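First the structure, in the form of structure tokens, and then the observations on it.
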Amino acid sequence: MSAPPASGTTDRDGKVAFTSLTGTGPRIATVGTDGTGLAVTGVAGFDPTWSPDGSLLAFSRITNATTYQTDLFITRADGTGIRRLTESGGSAPEWSRDGSKIAFSRGPKLLVINASGTDERLVYDNADQDASWSADSSRIAFADRQGGLFTANVDGTELRRLAAGPSERPAFSPNGQRVAFVNPAVAPSSIVVVAADGTDLQRVPIGMSVTDLDWTPDGTQWVLQGQTHQSFLYTVNTDGTGLRRLTSSSTGESSPDVTDVRKDG
């Protein structure tokens, strides 16, 4: 069962989609940012990302068991109406804030594709998995496989380095002014926050190993995947205080993504 809301915690107007590692394989699951309403869907897949209005989810699924090729799919939030988005491979989708495009990985390549499945384009050819869109959907934050955090326009132009060294799982703040990411070189790994122009870099120790994160819609907290001896989802204030567990170990959680709108039910 999900963890109960902490005393004094208010609804932060979002729902988290994540990968549940059940006994029958990875499934898409959701839980409220207040820790209530945990639901594991029947949709087989991983790396879910919400459409801006919270009505759809894009996700990855293995499409070739021999080569382990994965492709992108889209489903309604209730798990119906599944359609395939890519045919030549794709993983780690991230929906743009305006709903028109999805960024994703194909090996070392960072690409974007229209949410309709048309007009696939290369952004960067040596990116780590996982990218994040700016608030106006004009720029994408990503990590280089050789180290360093960057942003670029959707067409790959105006490349800007925000941070040097190991960088993983970047996430633009809801207002687009900051980017949070994981520094895996610190033990335990810390969350790092930097302004979108590359200034004012700050490290925020959490006290556990952090492997993924996203912002709550109001920008005051992160939802993170944290690990001690097991993997759980947590919320924490952006100054590192108020750590609170959202989920239990029964579903083996990863890849949190938070809606910007409330989806009840």
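Descriptive notes on the structure:
- Shown here: the stretch 140-224, whose C-alpha atoms stretch 37, 31, 20 Å along the first, second and third principal axes, sorted largest to smallest.
- Mean projection area, nm², convex hull over Cα of the chain: 13.1
- Karplus (6.51, -1.76, 1.60) ³J(HN,Hα), θ = phi - 60°, over the stretch 210-217, in Hz, Gly and Pro reported as x: 10, 10, 6, 7, 8, 8, 6, x
- With the biggest extent put first, the Cα atoms of the stretch 44-86 measure 35, 16, 16 Å across the principal axes.
- The longest stretch of the chain left intact once loop-based GluC sites (Glu not before Pro) with at most 13 other Cβ atoms within 10 Å are removed from consideration, loops following DSSP, is 159-265.
- Pair-distance profile P(r), taking every C-alpha pair of the stretch 129-186, with 10 angstrom steps and integer %: 26, 58, 15, 0
- Other-chain or far-sequence residues with amide H under 5 Å of THR86's (modelled H): LEU72
- Charges were assigned to the Cβ only: +1 to each Lys and Arg, -1 to each Asp and Glu. The resulting dipole of the chain about its Cα centre is roughly 400 debye.
- Sparsely packed trypsin sites (Lys or Arg not before Pro) within the stretch 28-106, loop by DSSP, other Cβ within 10 Å at most 12: none
- The string of couplings for the stretch 33-43 from the Karplus curve (6.51, -1.76, 1.60, θ = phi - 60°) is 5, 8, x, 9, x, 4, 9, 9, 7, x, 7 Hz, one whole number per residue in order, with x for Gly and Pro.
- The alpha carbon gyration tensor of the stretch 99-245 gives principal lengths a ≥ b ≥ c with a/c of 1.5 or higher and a/b greater than b/c, which makes the shape prolate.
- When the chymotrypsin sites (Phe, Trp or Tyr not before Pro) in the stretch 29-109 are filtered for DSSP coil states and for at most 10 other beta-carbon atoms within 10 Å of their beta-carbon, the remaining sites are TYR68.
- For ARG139, distant residues with modelled amide H under 5 Å away: SER134
- Amide H to amide H, with H built 1.01 Å from N, GLY156 comes under 5 Å of no residue 5 or more places away or on another chain.
- Under the Debye formula (equal points on every Cα, no solvent term), log10 I(q)/I(0) of the stretch 33-169 at q = 0.18 Å⁻¹: -1.00
- Solvent-accessible ranking of LEU38, LEU122, LEU246, largest area first, probe 1.4 Å: LEU122, LEU38, LEU246
- In terms of accessible area, using a 1.4 Å probe and ignoring ligands and nucleic acids, TYR124, TYR234 rank largest first as TYR124, TYR234.
The values are calculated or read from the model by the stated rules, or taken from the named source; none is laboratory data. Please read these numbers as outputs of a predicted model, since none were measured by experiment. Virtual Cβ from ideal backbone geometry, glycine too; neighbours counted across all protein chains shown. Protein only, heavy atoms only, side chains kept; ligands, DNA and RNA dropped before computing areas. Shrake-Rupley method; radii C 1.70, N 1.55, O 1.52, S 1.80 Å.
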